[in-house]
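Accompanying notes for the structure given below.
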Amino acid sequence: MLEIVQSKQRKMYVVGIVSLLASAILTSISQVYYANKVQLVHPFLFTGISFFITAVFFQMVAMKQRVQVEWKRAFLPLLKLNLASVLAFMGFYFALKYIEPAIVSSLEMGVGPLFVLVIALRTRVHIPRIQWWIALGTLGACLLLIYAIFSGHSGVTEWRVENRWGIVASIFCGLGAVLCTIYSKQLSTLGWSSSMILSKRFIAIILSFIATYDTLILYFLENIVWIMMVTIMGVLIPMYLLQKGIQYCETFIVMMSLCFIPVFTFFFQLLDPRLTWSSLTFTGICLLLILGILSMWQEQKNV
């Protein structure tokens, strides 16, 4: 009986990892494409439209599942998830306007594990020593990438004062990503399916419509093709796959496995004529990748 349970756990772990990697590839492609498109418009134009479409789709799926929801118990985690989603996604898309996509992804993923450990300490959860070393290593890689931005050795060779807002937004994005993982898992333990969570977690983000009401309709009509494409391939499908990963993997492994996103993004962004090869950026994201692989190996030993 014990062997059957362990075998099932391993299979769920594999499903979670595959889902996370597939989500990473699709996300990295959409990041580069979006970063190119958003240079001349307000970032919240895309977030409002895209996440509205995503929420409607998953609401339609969730309605077919007919799961009884205890709203009294779910209200607080859902509220926190919505606020964390604002930090994670709006911070991320805002950052893409000012710094290269690979570094935005790297900063998000790099600071994430450290936030995980800080939160774990507050809840008095035991943290293995190797996880501390991994988190500190990713933080060091992030500092290297921040240096690349300030020194003009990143993919965007020209330093602008506005770039610092991209760095700040990326860090907030990392914090939001950690909190999203925690609150999504809380809803999962209450019996919420992936579709149910995804249909309700973007309410606060959709309110970004308000900030762009004067240009929203005209912008959507003129850009409907690429918005729909990025929404489906870069938001909707990766979100579903990520949610599956969150269901089957621990918080720490979810955050560290997403270190693959900057690597994919770095190579995809070379197709963007605005960006150039940066050895310093490449070194930083390679360090993050190595630490991510080490983290997954360590987690696999504990399964």
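A few points about this structure:
- Cα gyration tensor shape for the chain, rounded if a/c is under 1.5, else prolate or oblate: oblate
- Span-rule helices in the chain, defined as complete DSSP H runs reaching 18 Å or more along the axis (Cα) with Kyte mean at least -0.5: 2-37, 43-65, 71-85, 101-122, 129-151, 163-189, 279-302
- For the chain, built as a Gaussian network whose Cα springs stay under 10 Å, the top-fluctuating residue of Met109, Met196, Met63: Met63
- Entries in Lys64/Lys200; Lys97/Lys244; Lys64/Lys185; Lys8/Lys72 that, when Cα-Cα distance is taken, lie over 24 Å: Lys97/Lys244; Lys8/Lys72
- Full-extension gain in nm, Trp165 to Gln39, via 0.36 nm per residue minus C-alpha separation: 43.9 nm
- Just the protein heavy atoms count here, and of the accessible area of region 1-122 at 1.4 Å, carbon and sulfur take up 69 percent.
- Estimated distance in nm for a label pair at Gln9 and Gln65, the labels positioned 7 Å out from Cα along Cα-to-Cβ: 2.4 nm
- Result for the chain in a Gaussian network model with C-alpha springs under 10 Å: among Tyr183, Tyr147, Tyr34, the largest mean-square fluctuation is at Tyr147.
- Per-q log10 I(q)/I(0), region 60-119, q = 0.12, 0.22, 0.24, 0.25 Å⁻¹ (Debye; single scatterer per alpha-carbon; no solvent): -0.50, -0.94, -1.00, -1.03
- Solvent-accessible area per residue for the chain (1.4 angstrom probe, square angstrom): 49 Å²
- Listed residues Cys180, Gly292, Gly110: farthest to the positive end of the dipole of the chain (Cβ charges): Cys180
- Here the peptides 44-53, 17-26 are ranked by packing, the mean other Cβ count within 10 Å, and the order with the highest first is 44-53, 17-26.
- Anisotropy class of region 99-215 from Cα gyration tensor, a/c 1.5 cut: oblate
- Among Gln59, Gln243, Gln68, the largest mean-square fluctuation in a Gaussian network model of the chain (Cα springs under 10 Å) belongs to Gln68.
- Computed over protein heavy atoms with a 1.4 Å probe, the carbon and sulfur contribution to the accessible area of region 138-199 reaches 67%.
The values are calculated or read from the model by the stated rules, or taken from the named source; none is laboratory data. Note that the structure is predicted; figures quoted are calculated from it, not measured. Ideal geometry is used to build each Cβ from the backbone, glycine not excepted, and the neighbour counts take in all protein chains shown. Keep in mind that these areas ignore ligands, DNA and RNA; they rest on the heavy atoms of the full protein, side chains included. Shrake-Rupley method; radii C 1.70, N 1.55, O 1.52, S 1.80 Å.
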